[in-house]
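The values are calculated or read from the model by the stated rules, or taken from the named source; none is laboratory data. Bear in mind the structure is a predicted one, so any value in this text is a computation, not a measurement. Neighbour counts are summed over all protein chains in view; Cβ atoms, including those assigned to glycine, are modelled from backbone coordinates with ideal geometry. The accessibility values were calculated without ligands, DNA or RNA, using every heavy atom of the protein model including side chains. Shrake-Rupley method; radii C 1.70, N 1.55, O 1.52, S 1.80 Å.
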Amino acid sequence: MIPSIGILLHGFGQRYDLPISRYLYFVAAGFVVVVSFVLVVVFAGEKVGERAVQYPRRASRWLTSLGRTPWPRGVGGVIGVLALATVIVTGFVGSQKHPELNPAEYVVWIYFWAATVILSGLVGNLWYLLNPWAAIYDAASRFIPLRPAFRLPALGVWPAAALYFSFACLELTSGMSNRPSIVALAALAYTCLTLAGMVLFGRDAWLERCEAFTVLFGIVARFGPVEAERDESGRIAAVYIRPWGVGLLKDPPVGWDRVLFIILMLSTLAFDGVIATPAWQDFDIALEPIWLPMGSMGFFFIRTLGLVLLTVAFLLVFIAVMHAVLYFGSRKVDRKATISAFALTLVPIALVYNAAHNYSYVMVQSQGIIPVLNDPLASGWHLLPSLAGYTPSFALAQASTVWYAQVVLIVLGHIIAVYLAHLRAGERFRTMQRALLSQYPMLILMVAYTWISLTILAAPTTTGG
Amino acid sequence: MSRARIAIVATVVVAFVIVAGVLVYANQSHGGQKVTIAVTVTKASSMTPSDLTAHHGDIVTISIKSDTDGEVHLHGYDIPFDCVAGQTVSHTFTADKTGDFEIEWESASTHLGHLVVTP
């Protein structure tokens, strides 16, 4: 039973990753602890108050002029709409038996889900340019006057969090992510929902509060090095370049919905790794008497239960640590605002884990689409015969390269997170001593989370994980 | 950032790089050996042994004897073993890719085992 379930894991296709070797794991884990305490001591009390969260940025004239032209949105929109159309058409019409021969699977799980998230962290909010639903709406509104019929109730980003959770379930718990027609159906349904939502409740209101990916990439792009400022009419006033990560310090949005969204980002990413480990297999087997009799629903049930439990555990631990932070900070602060602000400082750890986890997926499996282009609908076509015999290159994915890339990424992300949390503590708790004290619980949380990331990467994977 | 702070951070980073370098050097594998693995596939559904291992650079020969006609496929290396019932099919290749590569009964996508190539 278990091996056949294993095949269904993780989008589609298999992974070739080897777990990080033991010695590298221990070096990285040890270094993370040392560097954390060194950083805190070295930077202790460097800046407090508002100064702590000010960061350098430089106006980029050419990016500003480029941003003011319609070209980036236009080109990005066309790519986004073409990708969406590819997912829906090839998902329904292309090969169902061999998902690795269906472009829909590559576009959704590798190019969109793994690569676009990583690239947006590296260069800035690509989703703002690529969002196909915003592009369709904008194109339509040129010809038809679109006015929202209703006002969106003040729900925060709860709807986006719920939709993001549903997407995570499709990927990780449904067991159907490697079925192209289901992926296409989900894309079509989400397209209808998003377009209807924008028409009924207004474009920006829907995108900013209900469209899961706009909210997600909004958070990811805070890590990125590009910052755009807009005037009152929404036109780009200036585009700045800033160091990676510091955007997470800028005007943090406040609310439990925001905190939960970030925790969901962390837990869904971790869960993707957790289900490939023997620990999960043990949990799975232990609960077999409950889920096996449920048939195909049992798989979905046990997985979703695991994801919910992991999310709740992450949330509880985070809240407990934040209470300790507030206690040691010993200054009267707005609790919700402070917790929301600190949640953002965990984002670098999640992003680097995402990049490390998906490294070889993006480097090797992404190439699998090249031979598929010869016959994307599995109809016996020979559109590009020269590509048909292409075999993926492993040049950048030898295990030793992957391990070093993973460890360097994890350590770098950890350093950025610790530094950001330190600056945030300086801003909130105002004095060096209080900031320093408040940092210890946060530091333990970050070390623990980074250890979890490393442990998952170093755990022997099970079939298909 | 003051010079002292830069020096402390730089020292920690250099120490990490040195320790990692020494450990990596000490743990270098010694590939390049000739490895021969004989496996048996039964009823297009199981393979013994199912977990095959090699080191990067080894010259690996896999011989498969199956009791059913059909293709056994080694993914990643993309090597098809066209089995005929009762006969042995062999392929020799250099293990130039590291990773965990699945071996499948191709027509039914049945998982048979894997070849793990370590650095």
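Listed conditions (1) farther than 21 Å from A:V418 by Cβ; (2) modelled with pLDDT under 90 are all met by A:V34, apart from (1).
Of all residues in region A:370-397, those that are of a type in the set (S, T, Y) have Cβ atoms under 7 Å from Cβ atoms of residues that are in a helix (DSSP H, G or I), 6 or more apart or on another chain, in A:Y390/A:I370; A:Y390/A:P371; A:S393/A:Q367.
Report, by residue number, each residue of region B:24-59 that is at the interface with chain A (Cβ under 10 Å from one of its Cβ atoms) and open to solvent by 70 Å² or more (accessible area, probe 1.4 Å). Selection gives B:A26, B:N27, B:Q28, B:H56. Of a type outside the set (G, A, S) and either buried (at least 19 other Cβ atoms within 10 Å of the Cβ) or in contact with a Ser or Thr (Cβ under 9 Å, 6 or more places away or on another chain) (or both): does that describe A:L82? Judged against the criteria, A:L82 is not a match. With respect to the conditions (1) within 14 Å of chain B (Cβ to nearest Cβ); (2) surrounded by fewer than 24 Cβ atoms within 10 Å (Cβ to Cβ), A:H422 lacks only one, and its number is (2).
Here's the yes/no breakdown for (1) of a type in the set (F, W, Y); (2) at pLDDT 95 or above; (3) more than 20 Å from the chain's Cα centre (by Cα); (4) surrounded by 20 or more Cβ atoms within 10 Å (Cβ to Cβ):
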position: A:F150; (1), (2), (3), (4): yes, no, yes, no
position: A:P153; (1), (2), (3), (4): no, no, yes, no
position: A:Y164; (1), (2), (3), (4): yes, yes, no, yes
position: A:T173; (1), (2), (3), (4): no, no, no, yes
position: A:V183; (1), (2), (3), (4): no, yes, no, yes
position: A:L188; (1), (2), (3), (4): no, yes, yes, no
position: A:L193; (1), (2), (3), (4): no, yes, yes, no
position: A:G197; (1), (2), (3), (4): no, yes, yes, yes
position: A:L200; (1), (2), (3), (4): no, yes, yes, no
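Screening the candidates B:S66, B:S46 for the property of being closer than 14 Å to B:I103 by Cβ, touching a Leu at 6+ places or on another chain (Cβ under 8 Å) and among the polar types (S, T, N, Q) yields one hit, B:S46. Only one of (1) modelled with pLDDT of 95 or more; (2) more than 30 Å from A:G306 (Cβ to Cβ) fails for A:F261. Which number is that? Looking at each condition in turn, A:F261 falls short on (2). When the test is whether a residue is of a type in the set (S, T, Y), assigned to a helix (DSSP H, G or I) and out of contact with any His (no Cβ under 8 Å at 6 or more places or on another chain), A:S438 passes it. Restricted to helices (runs of 4 or more DSSP H) entirely inside region A:278-362, those with at least 3 residues that are open to solvent by 20 Å² or more (accessible area, probe 1.4 Å) and among the hydroxyl-bearing types (S, T, Y) are A:296-329. So B:T110 clears everything in (1) modelled with pLDDT of 85 or more; (2) touching a helix residue (DSSP H, G or I) at 6+ places or on another chain (Cβ under 6 Å); (3) not small (G, A, S) except one condition, right? Which one? Checking B:T110 against (1) modelled with pLDDT of 85 or more; (2) touching a helix residue (DSSP H, G or I) at 6+ places or on another chain (Cβ under 6 Å); (3) not small (G, A, S), the one that fails is (2). Before we move on, is A:S65 open to solvent by less than 20 Å² (accessible area, probe 1.4 Å), at pLDDT 85 or above, over 26 Å from the mean Cα position of the chain (by Cα) and farther than 19 Å from B:A15 by Cα? No.
Scanning region B:68-79 for residues that are open to solvent by 40 Å² or more (accessible area, probe 1.4 Å) and not in a loop (DSSP other than H, G, I, E, B) gives a single hit, B:E71. Considering region A:287-323, the residues that are of a type in the set (G, A, S) and more than 16 Å from A:V259 (Cβ to Cβ) include one that is farthest from the chain's Cα centre (by Cα), namely A:G295. The single condition among (1) open to solvent by 20 Å² or more (accessible area, probe 1.4 Å); (2) away from chain B (no Cβ under 14 Å) that A:Q439 does not meet is (1).
As a summary of the residue check, B:G21 satisfies the conditions (1) farther than 20 Å from A:Y16 by Cα; (2) away from chain A (no Cβ under 11 Å) except for the one numbered (2). Checking each residue of region A:131-139 against the condition of being free of Cβ contacts under 8 Å to residues at least 12 places away in the same chain and open to solvent by 10 Å² or more (accessible area, probe 1.4 Å) gives no match.
Filtering region B:80-119 to residues that are of a type in the set (A, V, I, L, M, F, W, C), open to solvent by 20 Å² or more (accessible area, probe 1.4 Å) and either more than 14 Å from chain A (Cβ to nearest Cβ) or within 18 Å of A:H98 (Cα to Cα) (or both) leaves B:V84, B:A85, B:V89, B:A108. Considering only residues in region A:202-212 that are open to solvent by 50 Å² or more (accessible area, probe 1.4 Å) and out of contact with any Leu (no Cβ under 8 Å at 6 or more places or on another chain), the one that is nearest to A:M265 (Cα to Cα) turns out to be A:E208.
Does A:A350 satisfy the condition of being of a type in the set (G, A, S), within 29 Å of A:L266 (Cα to Cα) and within 20 Å of the chain's Cα centre (by Cα)? Yes. Report whether or not A:S233 is polar (S, T, N, Q) and free of Cβ contacts under 8 Å to residues at least 12 places away in the same chain. Answer is yes for this residue. On inspection, A:V447 does not qualify as under 22 Å from B:V24 (Cα atoms) and either crowded, with 18+ Cβ neighbours inside 10 Å or at pLDDT 85 or above (or both).
Only residues that are open to solvent by less than 30 Å² (accessible area, probe 1.4 Å) and in a loop (DSSP other than H, G, I, E, B) were counted across region A:46-62, and they come to 1.
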